[in-house]
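Everything below concerns the one structure shown next.
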Amino acid sequence: MAVVGAGLAGLVAARDLVASGHSVVVLEARDRVGGRVVNATTADGTIVELGGQWVGPTQDRVLALAEDVGADVFPTYDEGQNVVRYRGRQRRYRGAIPRLPAPVLLDIGRAQLRLDRMARTVPLDEPWRAAKAERWDGETVETWLRSHVRTRGARDMLRLAVRAVFAAEAADLSLLHFLFYSHSGGCLDRLLNVAGGAQESRLVGGSQVLALRLAERLGDVVQLNRPTRRIVQDGDGVRLEADAGSVRARRAVVAIPPTLAGRLDYEPVLPPWRDQLTQALPMGSVIKCMAVYDEAFWRADGLTGQSTADEGPVELTFDNSPPSGRPGVLLAFVEGAHARALSRSTPSERRDAIVGSLVRAFGPRAGAPSEVLELDWSAERWSGGCYGAHLAPGVLTEFGPALREPCGRVHWTGTETATVWAGYMDGAVRSGERVAVEVAHALAR
Ligand SMILES: Cc1cc2nc3c(=O)[nH]c(=O)nc-3n(C[C@H](O)[C@H](O)[C@H](O)COP(=O)(O)OP(=O)(O)OC[C@H]3O[C@@H](n4cnc5c(N)ncnc54)[C@H](O)[C@@H]3O)c2cc1C
């Protein structure tokens, strides 16, 4: 068996195939494992996460993986008040509901209830079969917001929520894909919240430990610096043409984002529905930043470090200090159109813009970080953007079934193929487990 990509999906697939007695090789393009999950180290040796990091309730498969590899989880710092900046005014509040004008809050609440109700009718394994699939896949989240949300403030805050979850704009996204995605994680609150939500916990040692420990167990099964360029299928098996030579196998598992899978060369050419699917799955745009301070000064001020702002470039922050609380680390997200714009700036312009946002939210002390680490995921050759792929109108209903359908001896995995927690680390783990079973059955036939 040959697996393309040593992200969580590819590594989990390899783990399960090796466990069921198959001989496996994993070809990874980068000089490291983990893909969209990567640790970085600050000047004083503190580990921070520049890719996927949080885990939360109902993410059972990634939590099982953490237990399996002996990685502990710890709660995201969530004590005190949050900050919301809205129309130039700043307010503090406790809990999940920001202090916004009552009509705006009411409007958001109504929209959320309605979207959650609609999402529950979308089947997770076949979202294109939802009773209203055609209608919902015929419009964007933006057009829905314009016709169903009365106040401008609520529309703006819901657009911000879309950027927070997808790193894309409401205008980029099919309403059906949005509904599928929130159902896949439970409901909108679960996607957005810290307590009881997807941001509840972190991994001691940084989330990349999951991938590093899986790879350690797999040993020389995992080969780094070996981008796959071409996949050739014949009657007996597959040949993967990669840097530093070809690999022959009975079947291939492609565990890379669909957009990148579409950039590989296939012989024979893939069926048109698969090729057209991969032409229609762009990745989101996000710059994830860590500002490091001697101490988490906002904690002494009674703040959680969580802030939301209706102006960019940073719209969301979190306290991302290590379990010891020192040094203090503020995590800042630049997402969607803000990330696309900031991508074009020089590193020093970018740093100034990011630190400027932090000062607006947390005061002058935020203006003197000892260090700012950042990663522009759209500039990553082997990711093409993040957090994941999003679907424009028409794609799910026209090409959705091609997401997981094998093409001859080539099988597809990765978080984009998951039915539960699609787009998340948990979805990646589930998709790796699913494809290992699929391949084992195919090999047994
Ligand atoms: C900034 C950011 C924040 C996020 N936050 C969270 C979070 O808090 N919680 C959460 O659950 N999820 C989060 N995510 C999403 C999560 O990281 C991903 O869903 C998950 O890691 C995807 O895993 P994967 O194995 O499907 O794909 P990937 O991680 O993309 O793995 C694909 C692998 O294939 C390799 N590759 C690509 N092309 C080739 C090629 N041609 N040949 C060989 N190898 C190749 C890549 O280098 C990579 O290692 C975040 C992502 C980002 C970037």
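The values are calculated or read from the model by the stated rules, or taken from the named source; none is laboratory data. Only a predicted model underlies this, so the values are computations on that prediction, with no experimental measurement involved. In this analysis, Cβ positions are derived from the backbone assuming ideal geometry, glycine residues included, and neighbour counts consider all displayed protein chains.
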- Query: Considering ALA249, ALA255, which residue is in contact (Cβ under 8 Å) with a residue 60 or more places away in the chain, small (Gly, Ala, Ser), assigned by TED's automatic domain parsing to the domain that holds ARG404 and in contact with a helix residue (DSSP H, G or I) (Cβ under 6 Å, 6 or more places away or on another chain)?
  - Reply: ALA255
- Task: Look through ARG92, ARG114, ARG159, ARG87 and report the one residue that is touching a residue at least 12 places away in the same chain (Cβ under 8 Å) and in contact with a helix residue (DSSP H, G or I) (Cβ under 6 Å, 6 or more places away or on another chain).
- Result: ARG159
- Of everything in the range 22-81 that's of a type in the set (Asp, Glu) and under 22 Å from SER321 (Cα atoms), which residue is farthest from the chain's Cα centre (by Cα)? ASP44
- Message: Can you list the helices (runs of 4 or more DSSP H) lying wholly within the range 125-234 that have 1 or more residues being polar (S, T, N, Q)?
- Response: 141-148, 175-185, 208-218
- Query: Only one of (1) surrounded by fewer than 23 Cβ atoms within 10 Å (Cβ to Cβ); (2) at positive phi; (3) touching a Phe, Trp or Tyr at 6+ places or on another chain (Cβ under 6 Å) is not met by ARG99, so which one is it?
  - Reply: (2)
- Message: Quick check on the range 358-380. Is at least one of its residues on the phi > 0 side of the Ramachandran plot and either within 16 Å of the ligand (Cβ to nearest atom) or within 19 Å of the chain's Cα centre (by Cα) (or both)?
- Response: no
- Task: Starting from residues that are of a type outside the set (A, V, I, L, M, F, W, C) and buried (at least 22 other Cβ atoms within 10 Å of the Cβ), keep the ones in the range 16-48 and report whichever is farthest from GLY185 (Cα to Cα).
- Result: GLU28
- Item | Number of positions in the range 290-311 that are touching an Asp or Glu at 6+ places or on another chain (Cβ under 9 Å) and part of a loop (DSSP other than H, G, I, E, B) | 3
- Item | Odd one out for GLU134 among (1) outside the structural domain of GLY51 (by TED's automatic domain parsing); (2) of a type outside the set (Ser, Thr, Tyr); (3) under 25 Å from GLY197 (Cα atoms); (4) in contact (Cβ under 8 Å) with a residue 40 or more places away in the chain | (3)
- Message: Go through the range 67-90 and report how many residues are surrounded by 22 or more Cβ atoms within 10 Å (Cβ to Cβ), closer than 16 Å to GLN199 by Cα and touching a Leu at 6+ places or on another chain (Cβ under 7 Å).
- Response: 0
- Go through (1) away from the ligand (no atom under 14 Å from the Cβ); (2) buried (at least 19 other Cβ atoms within 10 Å of the Cβ); (3) farther than 28 Å from MET1 by Cα and name the single condition ARG251 misses. (3)
- Task: Among the candidates ALA444, ALA428, ALA422, ALA353, single out the residue that is at pLDDT 95 or above and more than 10 Å from the ligand (Cβ to nearest atom).
- Result: ALA353
- Query: Within the range 263-288, which residues are in a strand (DSSP E or B) and within 23 Å of the chain's Cα centre (by Cα)?
  - Reply: MET283, VAL286, ILE287, LYS288
- Note on the structure: Counting only residues that are free of Cβ contacts under 8 Å to residues at least 60 places away in the same chain and not assigned by TED's automatic domain parsing to the domain that holds GLU398, the range 176-222 contains a total of 1
